[in-house]
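Student: Please find one structure pasted underneath; my questions will follow.
Here, each number is a calculation from the coordinates, and none is a lab measurement. This one's a predicted model, so the numbers in the text were calculated from it and none came from an experiment. Here Cβ is always computed from backbone atoms with ideal geometry, including for glycine, and neighbour counts include all displayed protein chains.
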Amino acid sequence: MRRSPKETETSVRRVSRRGLMVAGLQAGFMSLLALRLRHMQVEQADAFRLLAEENRINIRLIPPRRGRIFDRQGRLIAGNEPSYRITVVREDAGDVAEVLARLAHIVPLTQDDIDRVLAETARSAPFLPVTVADRVSWEDISRVAVNAPALPGITPEVGQSRVYPMGHDFAHVVGYVGPVSERDLERYADPAPILRIPRFQVGKVGVEARYEEHLRGRAGTRRVEVNAVGRVMRELDRQEGEPGADIQLTVDHRLQNYVRARLGQESASVVVMDVANGDLLSIVSAPSYDPNKFVRGISVDDYAVLRDNERRPLASKTVQDAYPPGSTFKMVTALAALEADVITPDETVWCPGHMEVGGRRFHCWKRVGHGHMDLESGLRESCDVYFYDLALKVGIDNIAAMARRLGLGHAFDIPMSAVADGLIPDREWKARTRNAEWRIGDTVNASIGQGYVLSSPLQLAVMTARLATGRDLAPRLVKSVNGVETAPRTGAPLGLNENHLRRIRQAMFTATNNRRGTAYSSRIVAEAMAMAGKTGTSQVRNITAAERRAGVIRNEDLPWNRRDHALFVNFAPFEAPRIAVSVVVEHGGGGSAAAAPIARDVTLQALYGGDPPLEAYPSADRSRIRAQQERLRREREAAEDEDRSRA
């Protein structure tokens, strides 16, 4: 069928348009291909030349600088120092075992070291570096660099390692760092890549652990050119990470150092708290340990010495241990009775040396009794019978409520490890935990800080600060993070009757400054610095009726671990309180003999900001105190030198 001229013309136009479209597409494709070829052959020529020569580009993480920790005066207590190390990358090394065998001829490596590295490389990503040896010498680093062609995948590096220049002084507060463990990784839903680097270090205990996210910072990256044997040829690009935040604590390093020296090898703890804002000026557990040993990898023998020591140097006694508070709890019972309006301060109770309650005899510490006791004399001379009588009048529920109001039985939120709740028992607690009914004898025991009652030294310091100020003070350990100050915990008024608080404070003052007071021998004679305090002695064993008839065995005649705990709490100066102090000496015997002298010395050191004048002490003590100050000064200087040499 013949087409008309018009149809023919239309068909030609259609074919022409299609041809143009196809030609255009082909031209566009050829243009893109040309541009791509130019990009690959000209702009990326160097990169492809590297690949052609069996070189390649690796991206490696740059660990950030860990944040530093300072005391309240700006003294460094946790920092970083350069450290040389040798690493291996599995994908660059090829046969890791063979490379390590060659390396062992150049630097000292044990078979255990080699086995550890092989295990770590097997479970790590092939591109991640594994630390072969840490803290190696410059000579070792030089030998590895010279022999690099024969050691594919082996890289000498300069890194940073944690150092604690004040050693023992802050071990229980700051803690220490160590390699990332599986338990550490389990804390995070999506662990940061840097945590996957074997032997990367994170905080394990104390401030180092609680502020890990702030202190760690963010990793940087660098692109490096490596040749066929894994040797780094050059650095192509670097993106720095973010250093960790610096942290400033409220603790004063000079006071901390003095307290540790004063405690010596006692199994003891001291807390010094600023009553204006809750700052912890010193918080010491003794004996202590050197955290630098954990950073560098503590030996089995060194760890066994710490672990098996009966005085438990690894324990943060100030916060994780809870003790029967003994007579330091009597202010709680007295204040509960005053607030409940069941007694007046001038009412008296007769103390014959014991009290019969529920068919059981409860003894006073003074076997022959104290005679007539009122509130002030009862606290001053620590008469147990007086407080047994108060307990029967006020009841356990009021006592427990007052104890909690004063800060006992509460785990305060400070960045230390294993902060204890303590225990303030009541009827509900015993029914819930012991499935037993509360008995009147439980109330009598609780009234003098025995029985089920348990408190940490930190809680006792908070209790004392609240008694001194009437405010709901809470402890603060971190002063600032990266220069931004944390909120001080000054607290609102407790809502207690100020007249009742004044009577309690006055009784504590006479306990320290009246000749009949239990702490009179440890008084401060400088009137402007006079302290108000209370001794405490808590039993760790039962005294049988037979032993009481024959005569109670003296603490000094008992094995160390069966002696009573010694306690003392105080605030000072009495007229215008600045600090509150608590002291617990494990198995120290009596509070007046073991804990009060330590508290007096620490209080004066804190108030004067250094060694106090001898005139602040009773005249009979001055020659002994002078010798003690000189001895402690020498010991502190020697300890500082030792810590510096270890660091």
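Student: Express in % the proportion of alpha carbon pairs of the range 282-342 at distances exceeding 18 Å.
Tutor: Distances greater than 18 Å cover 56 percent of the Cα pairs.
Student: Still on this model: Given N residues in the range 465-586, what is its alpha carbon radius of gyration divided by 2.2 N^0.38 Å?
Tutor: Details: Rg = 19.0 Å, N = 122, 2.2 N^0.38 = 13.7 Å.
Relative to the 2.2 N^0.38 Å estimate, the range 465-586 comes out at 1.39.
Student: Charges only on Cβ, +1 for Lys and Arg, -1 for Asp and Glu: so what's the dipole of the range 58-249 about the Cα centre, in debye to the nearest 20?
Tutor: Numbers: 27 positive and 28 negative charges, 77 e Å.
About 380 debye.
Student: Here's another thing I want to ask about it. Helix 457-469 against the longest principal axis of the chain: what's the angle in degrees, Cα atoms only, rounded to the nearest 10?
Tutor: Value to nearest ten degrees: 60.
Student: Here is a further query. Compare the Cα positions of PRO577, LEU118, ALA23 along the charge dipole of the chain (+1 at Cβ of Lys, Arg; -1 at Cβ of Asp, Glu; about the Cα centre) and return the one farthest towards the positive end.
Tutor: Value: ALA23.
Student: Each label point is 7 Å from the Cα along the Cα-to-Cβ direction; what then is the distance between the points at GLN111 and THR486, in nm?
Tutor: Going from the GLN111 label point to the THR486 one covers 4.9 nm.
Student: Got the relative contact order for the range 379-535 handy, in percent, Cα pairs under 8 Å and 6 or more residues apart? Kindly include the intermediate steps, with their values, before the conclusion.
Tutor: On the way: 203 pairs, mean separation 36.7, N = 157.
Relative contact order comes out at 23 percent.
Student: Of VAL202, VAL146, ILE247, whose Cα points farthest to the positive end of the dipole of the range 58-249 (charges on the beta-carbon: +1 Lys, Arg; -1 Asp, Glu; origin at the Cα centre)?
Tutor: ILE247
Student: For the range 392-442 and the range 570-621, what is the centre-to-centre distance using only Cα atoms, to the nearest Å?
Tutor: 29 Å
Student: Turning to a different aspect of this structure: Can you tell me which of 316-323, 394-401 comes out highest on packing, and rank the rest after it, using the mean Cβ neighbours within 10 Å? Intermediate results must be reported in sequence, preceding the final value.
Tutor: Values: 316-323: 23.8, 394-401: 21.1.
By packing density, highest mean first, the sequence is 316-323, 394-401.
Student: Further question on the same structure: Which value at 222 nm does the chain reach when only helices count, each DSSP H run of 4 or more adding -39,500 (n - 2.57), with the total divided by all residues and rounded to the nearest 500 deg cm²/dmol? Could the numbers behind the result be given before it?
Tutor: Numbers: 25 runs with 249 residues, N = 647.
Result for the chain: -11500 deg cm²/dmol, rounded to the nearest 500.
Student: Write down the percent of antiparallel bridges among all DSSP beta bridges whose residues are both part of the chain, to the nearest 5.
Tutor: Values: 76 of 79 bridges.
Here the share of antiparallel DSSP bridges comes out near 95 percent.
Student: With a/c under 1.5 counting as rounded, go ahead and sort the range 243-334 into rounded, prolate or oblate using the C-alpha gyration tensor (a ≥ b ≥ c being the square roots of the eigenvalues; past the cut-off, prolate if a/b is larger than b/c, else oblate).
Tutor: On the way: a/c = 2.31, a/b = 1.30, b/c = 1.78.
Here the range 243-334 falls in the oblate category.
Student: As a test, work out the antiparallel percent of DSSP beta bridges whose residues both lie in the range 58-249, rounded to the nearest 5. Each step should come with its number before you reach the end.
Tutor: Values: 32 of 34 bridges.
Expressed as a percentage, antiparallel bridges in the range 58-249 total about 95.
Student: What number does the range 160-226 give for Rg over Rh if you use C-alpha atoms and the Kirkwood radius?
Tutor: On the way: Rg = 13.7 Å, Rh = 13.3 Å.
Using only Cα positions, Rg/Rh for the range 160-226 is 1.03.
Student: Tell me the angle of helix 596-608 to the major Cα principal axis of the chain, expressed in degrees between 0 and 90 and rounded to the nearest ten.
Tutor: The helix 596-608 is inclined about 60 degrees to the chain.
Student: Using +1 on the beta carbon of Lys and Arg, -1 on that of Asp and Glu, and nothing else charged, what's the dipole of the range 220-323 about the Cα centre, debye to 20? Working shown, then result.
Tutor: Details: 14 positive and 16 negative charges, 61 e Å.
It works out to roughly 300 debye.
Student: Please count, across the chain, the pairs of lysine residues with Cα atoms under 24 Å apart that sit 8 or more places apart or on different chains.
Tutor: Taking the chain as the scope, the lysine pair count is 15.
Student: With charges only on Cβ, +1 for K and R and -1 for D and E, what is the dipole size of the chain about its Cα centre, in debye, rounded to 20? The partial results should precede the final answer.
Tutor: Values: 90 positive and 82 negative charges, 313 e Å.
In debye, rounded to 20, the chain gives about 1500.
Student: Return one number: the angle in degrees, 0 to 90 and rounded to the nearest 10, between the long axis of the Cα atoms of helix 622-646 and the longest principal axis of the Cα atoms of the chain.
Tutor: Tilt relative to the chain: about 10 degrees.
Student: Then there is this: What area, in nm² and to one decimal, does the C-alpha convex hull of the chain cast on average over all directions?
Tutor: On the way: hull surface 192.8 nm².
Seen from a random direction, the Cα hull of the chain projects 48.2 nm² on average.
Student: Could I ask something else about it? So which trypsin sites (Lys or Arg not before Pro) in the range 548-615 are both in a DSSP loop and have at most 11 other Cβ atoms within 10 Å of their Cβ?
Tutor: ARG554
Student: Starting with the highest mean, order 33-39, 146-152, 82-88 by the number of other Cβ atoms within 10 Å, averaged over the residues of each peptide.
Tutor: Numbers: 33-39: 10.3, 146-152: 15.7, 82-88: 19.3.
Per-residue mean Cβ counts within 10 Å order the peptides as 82-88, 146-152, 33-39.
Student: May I ask for the equivalent-ellipsoid semi-axes of the range 58-249, computed as the square root of five times each C-alpha gyration tensor eigenvalue and listed largest first in whole Å?
Tutor: Taking √(5λ) for each eigenvalue gives 31, 18, 17 Å, largest first.
Student: Which of the peptides 272-278, 238-244 is most tightly packed, and how do the rest follow, judged by the mean count of other Cβ atoms within 10 Å per residue? If you can, show how the numbers build up before the last one.
Tutor: Values: 272-278: 22.4, 238-244: 14.9.
Highest to lowest by the protection proxy: 272-278, 238-244.
Student: In nm, give the distance between the simple-model label positions of SER181 and MET30, each being 7 Å from the Cα along the Cα-to-Cβ direction.
Tutor: Taking the simple label geometry, SER181 and MET30 are separated by 7.0 nm.
Student: Would you mind calculating the relative contact order of the chain from Cα pairs under 8 angstrom and at least 6 residues apart, reporting the percent as a whole number? If you can, show how the numbers build up before the last one.
Tutor: Numbers: 1306 pairs, mean separation 84.8, N = 647.
Averaging sequence separation for qualifying contacts and normalising by length gives 13 percent for the chain.
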